[in-house]
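Asker: Dropping a structure here in structure tokens format, bear with me for questions.
The values are calculated or read from the model by the stated rules, or taken from the named source; none is laboratory data. Treat the numbers as computed from the prediction; the structure is a model and nothing was measured. All Cβ positions, glycine included, derive from the backbone under ideal geometry; neighbour counts span all protein chains shown. We work out accessible area using only protein heavy atoms, side chains counted, and drop any ligands, DNA or RNA first. Shrake-Rupley method; radii C 1.70, N 1.55, O 1.52, S 1.80 Å.
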Protein chains: 2
Amino acid sequence: MLFKRKVKITRIKKDQKNFIDDIVLVESPVDLIINSEPLVNIICLQKDLKELAYGFLFSVGIINSINDIRDIKISEIENNIHIELQDYIDFKLENLNMNPVSRVVDTTCGIPSPWRELIKKSLDNVNSKNLVKSKDSLRINSNIIFSAIKKMQISTPLYRETGGCHGAAIFDLDGNLLSVKEDVGRHNAIDKVVGDLLLKKHSFEDVFLTSTGRLTADSVLKAIRAKIPIVASFSAAVESGIRLAFAYGITLIGFARGSRMNIYTHPERIIL
Amino acid sequence: MLFKRKVKITRIKKDQKNFIDDIVLVESPVDLIINSEPLVNIICLQKDLKELAYGFLFSVGIINSINDIRDIKISEIENNIHIELQDYIDFKLENLNMNPVSRVVDTTCGIPSPWRELIKKSLDNVNSKNLVKSKDSLRINSNIIFSAIKKMQISTPLYRETGGCHGAAIFDLDGNLLSVKEDVGRHNAIDKVVGDLLLKKHSFEDVFLTSTGRLTADSVLKAIRAKIPIVASFSAAVESGIRLAFAYGITLIGFARGSRMNIYTHPERIIL
């Protein structure tokens, strides 16, 4: 799969000009086809596509477990992923009330609004609000978060090679790395680690999510959907993400770097 | 206008826990209404909305100059911008072949595909390809780029205050700052500086664009549309952006930091 490419570049460094080879990321549009109907076009890195498909479908609420998928076929040549849902899933494209052009998930992007509505609807159904809030007794030492952020950075080789992508990771509460993935889009990276945990049949109880990207409503919605109680990022949080995290009882941490972090919501879970 | 907000956070720093006030950015959905028809919903910082409207409409090819707009009214309460085009502009929403949900420009995002198609169409019409390529004699010293990147960083106070937004700036070839703007979305920031130059009736000849964001096809398309021959970013370039820059004769520079830069395309314009 082609997700990075060697290019000839001119590097200027301290008044020296050199012609060198460099590695850049290649984004590809991948079609997700559900029960023979094209659902969405995701612009992403052509890597970990199975995890991406599972994580995306779970995040938007089309599936609730891996058992909901009967079959998955990834075509690297046609750039598509064919998914057959179990018969008991009442999936009808027209129910989504979206036309094909609205269903593009763009590079490095938030989720377009129609998807966000779908996620919110699926949250209402499962009443995540109470489920996440019930994890009141969960406590974690700040040092475990700091070392997790470092582990995520060490485990994202594409970022180190290209500087052009985002990472996401999921850890258990002892700080053991359960999954780490990279993508041009920060949302795709989160979908991939969520999908990876689903495929590994690992529960989302007692894990936390780390990300290199900004914490907007879209990122936080994915954590709520998976009922992950703690989300920590290397980057800033934006008000929409903070508002949502507060309402759903998620501990939201930004600028987790070195020995410093900003806890925006529900700080009681983080102990020194 | 509310584009930032004070929040109470818990800061952990070197094993000390403190409750402090912090500033976070507030994203708002703003409706762009053209000739009484809702065109697009842009999630952005509620700041420099006039520049954003002009720059967006120019970037997607609905207007070609500020004279194409007869009237603009910004309502901060209703979060919308009403624009009346000149009668000579044949603008029909149905020609865009998009439904309302497809016309959301999301947080920190690339432009959804339908817009990108529209931009490409407008590029075909004006034949930018030759126009940009004709600027063959243009040369600029690398130090002017380096100091422009620094100037952009100094002139983006919201980034320093919140760490949560992107900046874009336009400079003349002597390195004088012509416009600098910030937004949660890197594309919105570019639209704002483009709109600002339009409003100032400054030509795009002999200027260059700087950005803090990654150089994807979407960012590069905006430069092509405005016929800006040089684009330099603090961040990485992605293959889609490089391909487009190469084809349209744009000098694309990534990782411009300190005294180092990567020139991905058309390096002949950058001299030591």
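Asker: Compute the distance from the alpha-carbon center of the range A:159-208 to that of the range A:236-264, in whole Å.
Answerer: 18 Å
Asker: Once the label point is placed 7 Å from Cα along Cβ, list for A:Gly175 the distances to the corresponding points in the other copies, in nm, shortest first.
Answerer: Nearest first, the other copies' label points are 4.5 nm away.
Asker: If one puts a single equal scatterer on every Cα of the range B:130-272 and applies the Debye formula without solvent, what log₁₀ I(q)/I(0) results at q = 0.13, 0.19 Å⁻¹?
Answerer: Debye intensities relative to I(0), on a log10 scale: -0.47, -1.07.
Asker: Continuing with the same structure: Can you give the local net charge around A:His82? Use residues other than it whose beta-carbon is closer than 13 angstrom to its beta-carbon, Lys and Arg +1, Asp and Glu -1.
Answerer: On the way: positive: A:Lys50, A:Arg70, A:Lys73; negative: A:Asp31, A:Glu37, A:Asp71, A:Glu76, A:Glu78, A:Glu84.
Net charge in that neighbourhood comes out at -3.
Asker: Taking the label point 7 Å from Cα in the Cβ direction, how far apart in nm is A:Ile77 from each other copy of itself, listed shortest first?
Answerer: So the label point of A:Ile77 gives 6.2 nm to the other copies.
Asker: Enter the mean number of other protein chain beta carbons within 10 Å of the beta carbon of each residue in B:212-224, as an integer.
Answerer: 2
Asker: How big is the charge dipole of the range A:131-271 about its Cα centre, in debye rounded to the nearest 20, if each Lys and Arg gets +1 on its Cβ and each Asp and Glu gets -1 on its Cβ?
Answerer: Taking the Cα centre of the range A:131-271 as origin, the dipole is about 80 debye.
Asker: Per residue of the range B:8-16, what does 6.51 cos²θ - 1.76 cosθ + 1.60 with θ = phi - 60° give for ³J(HN,Hα)? Whole Hz please, x for Gly and Pro, Karplus curve as stated.
Answerer: My calculation for the range B:8-16 gives 8, 10, 9, 9, 9, 9, 6, 6, 10 Hz in order.
Asker: OK, next. Find the accessible area per residue for the range A:131-271; the probe is 1.4 Å, ligands and nucleic acids are left out, and the unit is Å².
Answerer: Per-residue value: 30 Å².
Asker: Restricting attention to the range A:1-100, which GluC sites (Glu not before Pro) occupy a DSSP loop and are surrounded by at most 14 other Cβ atoms within 10 Å?
Answerer: Taking the range A:1-100 and a limit of 14 other Cβ atoms within 10 Å, the loop GluC sites (Glu not before Pro) found are A:Glu76, A:Glu78.
Asker: Need one number: buried accessible surface between chains A and B, 1.4 Å probe, both sides summed, DNA, RNA and ligands left out, in Å² to 100.
Answerer: 4600 Å²
Asker: Just want the answer: with Cβ charges of +1 for Lys and Arg and -1 for Asp and Glu, which residue in B:Ile72, B:Cys44, B:Gly55 is farthest toward the dipole's positive end in the range B:8-87?
Answerer: Working it through, the farthest residue towards the positive pole turns out to be B:Cys44.
Asker: Turning to a different aspect of this structure: Return the average number of partner chain Cβ atoms within 10 angstrom of each residue Cβ along peptide B:231-244.
Answerer: Numbers: counts 0, 0, 0, 0, 2, 9, 8, 11, 13, 8, 4, 6, 4, 0.
The per-residue average across the peptide is 5.
Asker: Distances from A:Arg5 to the same residue in each other copy, label points 7 Å out along Cα→Cβ, in nm, shortest first?
Answerer: 4.2
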